[in-house]
1. Within segment 102-125, is even one residue free of Cβ contacts under 8 Å to residues at least 12 places away in the same chain, over 19 Å from V203 (Cβ atoms) and in the same structural domain as W194 (by TED's automatic domain parsing)?
2. Please work out which one of (1) in a helix (DSSP H, G or I); (2) acidic (D, E); (3) loosely packed, with under 14 Cβ neighbours inside 10 Å is the condition E151 fails and give its number.
3. Can you name the residue in segment 154-200 that is touching a strand residue (DSSP E or B) at 6+ places or on another chain (Cβ under 8 Å) and in a loop (DSSP other than H, G, I, E, B) and, of all such residues, is modelled with the lowest pLDDT?
4. Just to be sure, is H138 in contact (Cβ under 8 Å) with a residue 12 or more places away in the chain, closer than 20 Å to A208 by Cβ, in a helix (DSSP H, G or I) and in the same structural domain as G174 (by TED's automatic domain parsing)?
Amino acid sequence: MTDTDGLLRDAGGARSRDELDGLIENCRRVYAAAEGDDSLVMARDDYRIMADALVQLREENALIGHPPAQIQKLERRAERAESSLSAAMERIAALEAERDALAKDAERLMLLLRNAMNWIHEAGTMSGYGFYRTKNPHDFSPDPESCTADEFANHKAACDLWDRGEYDSSKEKGSEWLRSEDGKLVAHILRAPWGIGSYSETVPQVQALIDTIDAAREKP
């Protein structure tokens, strides 16, 4: 008779496929050696049954890989990982919902800002007709029916200086009132080198506000 219990203990202690394959091979080798010997029928059958059983266990992965305690440990780790993953997915979903809500708020704010910018432009724009010289010469248009050739030339020269970044309105003397020695108004001197025409200029303080808003809108 064979030590079947010993083989089972050896199989139960196997921790890898190579170890289990070795046990199976030993069983089959003994079974093959006992073939044809009637005195060894019992031993032969024991080893054959054992080999078949070990093969089945191997295929079902019952004795291969990790012992039961380690398998349970891995299962607990898998459960914790699954729980953590579930919590992370819930957090991601909450963040995505918050992002979408913020995006909608941003769209509404941008719409309000565009409407406000239109109102600021309209409220902060000073338009008229006369001799007023704007800060930017391009905001003034000489009247072709009332201005002289010199006035047109003066205006064009001012625009050219502005385009080169060299225009300085403080260097152009403006209109003024003349007073007598005792402080009484005597006369008004009108200086209009660009002649008379239409103008449309944004109030400097409003323009500064517009520039600030535009700079903020350009930021990512």
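The values are calculated or read from the model by the stated rules, or taken from the named source; none is laboratory data. These numbers come from a predicted model, not from an experiment. Don't worry about glycine lacking a Cβ; one is built from the backbone with ideal geometry, like all the others, and counts go over all protein chains shown.
1. no
2. Exception for E151: condition (3).
3. Looking at residues that are touching a strand residue (DSSP E or B) at 6+ places or on another chain (Cβ under 8 Å) and in a loop (DSSP other than H, G, I, E, B), I get S175.
4. So H138 passes the test.
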